[in-house]
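Nothing in this text is a laboratory measurement; each read-out follows from the coordinates by a stated rule. Quick caveat: nothing in here was measured; it's all calculated off a predicted structure. Using ideal geometry, Cβ is built from the backbone for each residue, glycine included, and neighbour counts are taken over all protein chains shown.
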Amino acid sequence: MDDVTTASVRTRERGRGGAAHVFDTLRQEIIALTLAPGAVLSRAELQDRFGLSSTPVRDALMRLQEEGLVEVFPQHATVVSPIDLERAQQGQFLRRSIELEIVRTLALHPDAAVLERLNSLIRQQTAFSRLGEHGAFTAADQAFHRTMYESANVPELWDVVARHSGHIDRLRRLHLPVPGKMRDVIRDHQAIVDAIAAGQPDAAQAALRDHLSRSLGFVETLRQSHPDYFRQ
């Protein structure tokens, strides 16, 4: 393979990896509300920021558009989409449906090593809560749920749920700074783990169902405090 061909291959590989990096970075910033609904994403500025050509940036924005996290207006602008409550409800339904079966599976056959991993993540969340570290708290929260998928031997379903959870995850992130919210999450996680440890699948499902219902229950309050964040 000559130098020109090698350089071409490397460029293509960098482009593919570059698109994934741009997508992951922007998605995290959108979910964390660092990029708030209505924020304009300039392709030229993104190319400068990531040191990439237009193609991987375009591909990353197309993936974000597929998840409903950005709206692309041809020849005009790309804008972070508002939180869509219908999409949030669908994402919630999907996640609840899958995780109800996951916690039941784990409770039918409690595993000490799994329980210790989950309790360790709860301890991390407790520490982050005391420090007011919302981003780290959210990462530990996601790790808690992902660990349950892995422990139930359905890790790929976590990726499926993640692709449909952008709007509900933004809603949860918006809800997180509300006083008492992090405490409630920790309490709910502990109730789920305790029920699994006790081998009580019905109690584990009840705790999971209660846990995943809370952010949607606060929608009107959140809409009043952040009206520009929601699709009217």
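Key figures for this structure:
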read-out	value
Helix 166-175 axis, angle to the chain major axis (alpha carbon atoms, nearest 10°)	60 degrees
Rounded tilt (10° steps) of 112-131 against the dominant C-alpha axis of the chain	70 degrees
Charge context of Gln89, other residues only, Cβ under 12 angstrom, K/R +1, D/E -1	+1
Fewest-first ranking of His109, His189, using other Cβ atoms within 10 Å as the exposure measure	His109, His189
Gap separating the Cα centres of the range 157-232 and the range 92-111, nearest whole Å	15 Å
Gain on full stretching of the segment that runs from Arg187 to Arg43 - 0.36 nm per residue minus C-alpha separation	47.6 nm
Amide hydrogen neighbours beyond the local backbone of Leu41, cut-off 5 Å, H modeled	Thr78, Val79, Val80
Label zone at Leu85, where the point sits 7 Å out along the Cα-to-Cβ direction: the range 197-232 residues whose backbone N lies under 18 Å	213-232
Angle in degrees between helix 201-217 and the longest Cα principal axis of the chain, rounded to the nearest 10	50 degrees
Residue order, fewest to most surrounding Cβ atoms within 10 angstrom, among Arg87, Arg223, Arg123, Arg170	Arg123, Arg223, Arg87, Arg170
Per-residue Cβ neighbour rank within 10 angstrom, fewest leading, Leu64, Leu46, Leu216	Leu216, Leu46, Leu64
